[in-house]
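The values are calculated or read from the model by the stated rules, or taken from the named source; none is laboratory data. Being a predicted model, the structure only gives us computed values, none of them experimental. Using ideal geometry, Cβ is built from the backbone for each residue, glycine included, and neighbour counts are taken over all protein chains shown.
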Amino acid sequence: MPSVDLLANKRPLRVGISGAGPGGLGAALFLHQINDIVGSQDGGNEVEIQLFDQARELKEVGAGIHLNFNTFSMLNRLGNARQTIDKIGHSGTTLQKSRLQHINGKTLELVDEKDWSALPKDHRAIRTERTTLQKALVQELPADIPVQLRKRLVKYVDTSEGAITLFFEDGTTTEVDLLIGADGLRSAVRTQAFPSHQLTFSGQVGFRTLVPVSLVEHILPDLPDATIFYHGDESTIFTTHVGNGKFELSLRARAVEYGGVSWGQDVKKSEFLKYFKEYHPSLQRLLEAAPEEGWKAFAMYGGPRLEEIISGGNVALVGDSSHPLSGAFGAGAGFALEDSFILQKALLHARSTSQPLSYALELYQDTRNRHYKRLYEQLQRSVNAAKERAELHLEFEEALRRKVDAGFGDQKWIYGFDAEASWQETLDAEAARQAAH
């Protein structure tokens, strides 16, 4: 299949993006920047972008979202996105988290605490509503990239000229040169590109909601700046401010009967409280104070690492579609934005060196696969450590201490990831390879 020559082609590179979550929005913004970076003699665009989503309305499903330094380093490259998050998410209490605590959910004994108060504020993580990030990215979209809703991608077919025809559920079609699958964990693009890759249910389910701070501030201390994990036998209760007078309750438990539940299914509180009966009375009161309605259930699915995240020289996966980690590191938005940033770099490099689209995608894959390979290796070490603890049949307190101590070790390489340096590593390796020939 011929690949589009990014330099010789006399028309813009036509890009279709499936999915308008953080990954798809980030891809649209980073690739649109190519028009400003490269410029055009006739005033036209180098890249033309279509952004599709199957949803009836553009909204995020979930409660809060964690934004770390690596996420901010990407947002700072996207106009005023970071400033918008600070503006619409601020509520009179700082969103920057200065403490992370792990607490015995049965006794309220502090097991571990990380203090980030000495870090510069722009290096601290924040927790905010998922809709806050989405609004910040949408506000940066230029007028020529409308989000086309109710556009469920059914399939795509390669043409003899190296382009791709996209077929949608509503019967419409469109043709693009590059298809970006940013359609999440249950990616339709990934399913067609790599049909043998299968997701499996972990047995874990998240139950999440946002409540007014006024409902809970009299029950738990230190609400303003502490992010807290309360641990039970096979469950956790996560609590934190998300701004705008709202407080997040994010519960997680082993609940195998939810394996068939779709992502973000409405659920009543009374249906899952049975999984949290061992918790301290204060936490029981916290859950009792929360409304019966307004909860969402998230069955945690994941899959093995994809050896390839590109296909056919004209398809690329970004975000959860390229690394189905089931939220293991709490940094999916940052990973997705890093993907799109590297894809932009790869396209620009291929253009400047008279290389085809397929070459750009290979560089993108090489760069991101290094990082995802390391992430999956870290995740497997954590899984192995959990199995070893279970085989020891430890008392709850000792098992919890070992679990918290194990953690993910030094996390700077994840949350302080330097995407620019990673791209330079790829360029250096490519230069060495070419010199050897």
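Picking from residues in the range 31-56 that are among the acidic types (Asp, Glu) and touching a Leu at 6+ places or on another chain (Cβ under 8 Å), the one that is modelled with the lowest pLDDT is Glu46.
Residues being in contact with a helix residue (DSSP H, G or I) (Cβ under 7 Å, 6 or more places away or on another chain) and farther than 26 Å from Gln265 by Cβ are represented in the range 150-159 by at least one member.
Residue check: is Val4 of a type in the set (A, V, I, L, M), in contact with a helix residue (DSSP H, G or I) (Cβ under 8 Å, 6 or more places away or on another chain), buried (at least 16 other Cβ atoms within 10 Å of the Cβ) and at pLDDT below 90? Taking the combined requirement at face value, the residue satisfies it.
Could you tell me whether any residue of the range 128-144 is of a type in the set (Asp, Glu), in a strand (DSSP E or B) and over 17 Å from Gly312 (Cβ atoms)? For the range 128-144, residues of a type in the set (Asp, Glu), in a strand (DSSP E or B) and over 17 Å from Gly312 (Cβ atoms): present. Kindly indicate the residue of the range 187-207 that is over 16 Å from Ala299 (Cβ atoms) and either in contact with a His (Cβ under 9 Å, 6 or more places away or on another chain) or of a type in the set (Phe, Trp, Tyr) (or both) and also surrounded by the most Cβ atoms within 10 Å (Cβ to Cβ) among those meeting that condition. Filtering first and then ranking leaves Arg190. Go through (1) touching a Ser or Thr at 6+ places or on another chain (Cβ under 9 Å); (2) within 30 Å of Lys87 (Cβ to Cβ) for Gln148 and report which single condition fails. Unmet for Gln148, out of (1) touching a Ser or Thr at 6+ places or on another chain (Cβ under 9 Å); (2) within 30 Å of Lys87 (Cβ to Cβ): (1). Scoring Gln139 on the criteria (1) surrounded by 15 or more Cβ atoms within 10 Å (Cβ to Cβ); (2) at pLDDT below 95 leaves a single failure, condition (1). On the stretch given as the range 328-355, residues that are touching a residue at least 60 places away in the same chain (Cβ under 8 Å), part of a loop (DSSP other than H, G, I, E, B) and surrounded by fewer than 23 Cβ atoms within 10 Å (Cβ to Cβ) total 4. Sort through Asn104, Asn80, Asn70, Asn76 and tell me the only one that's out of contact with any Ser or Thr (no Cβ under 8 Å at 6 or more places or on another chain) and modelled with pLDDT of 95 or more. After ruling out the rest, the residue left standing is Asn104. Filtered by the rule that a residue be acidic (Asp, Glu) and more than 26 Å from the chain's Cα centre (by Cα), the range 249-292 gives Glu271, Glu278, Glu288, Glu292.
If the condition is being surrounded by fewer than 18 Cβ atoms within 10 Å (Cβ to Cβ) and under 17 Å from Arg305 (Cα atoms), then the range 373-388 contributes Lys373, Arg374, Tyr376, Glu377, Gln378, Leu379, Gln380, Arg381, Ser382, Val383, Asn384. Taking Ala299, is it buried (at least 20 other Cβ atoms within 10 Å of the Cβ), touching a Gly at 6+ places or on another chain (Cβ under 7 Å) and of a type outside the set (S, T, N, Q)? Against the criterion (buried (at least 20 other Cβ atoms within 10 Å of the Cβ), touching a Gly at 6+ places or on another chain (Cβ under 7 Å) and of a type outside the set (S, T, N, Q)), Ala299 qualifies.
Would you check if there is a residue in the range 397-407 being assigned by TED's automatic domain parsing to the domain that holds Glu425, surrounded by 12 or more Cβ atoms within 10 Å (Cβ to Cβ) and either touching a Phe, Trp or Tyr at 6+ places or on another chain (Cβ under 7 Å) or hydroxyl-bearing (Ser, Thr, Tyr) (or both)? Within the range 397-407, not a single residue is assigned by TED's automatic domain parsing to the domain that holds Glu425, surrounded by 12 or more Cβ atoms within 10 Å (Cβ to Cβ) and either touching a Phe, Trp or Tyr at 6+ places or on another chain (Cβ under 7 Å) or hydroxyl-bearing (Ser, Thr, Tyr) (or both).
Suppose the filter is over 30 Å from Ala163 (Cα atoms), without any contact (Cβ under 8 Å) to a residue 12 or more places away in the chain and of a type in the set (Lys, Arg); does Lys274 pass it?
Considered against the rule, which asks whether it is over 30 Å from Ala163 (Cα atoms), without any contact (Cβ under 8 Å) to a residue 12 or more places away in the chain and of a type in the set (Lys, Arg), Lys274 comes out as yes.
Glu397 meets each of the listed conditions (1) touching a residue at least 24 places away in the same chain (Cβ under 8 Å); (2) under 20 Å from the mean Cα position of the chain (by Cα) apart from (2). Taken together, Lys59, Lys114 contain a single residue that is more than 30 Å from Leu149 (Cβ to Cβ), among the charged types (D, E, K, R) and either surrounded by fewer than 18 Cβ atoms within 10 Å (Cβ to Cβ) or at pLDDT 85 or above (or both), which is Lys114.
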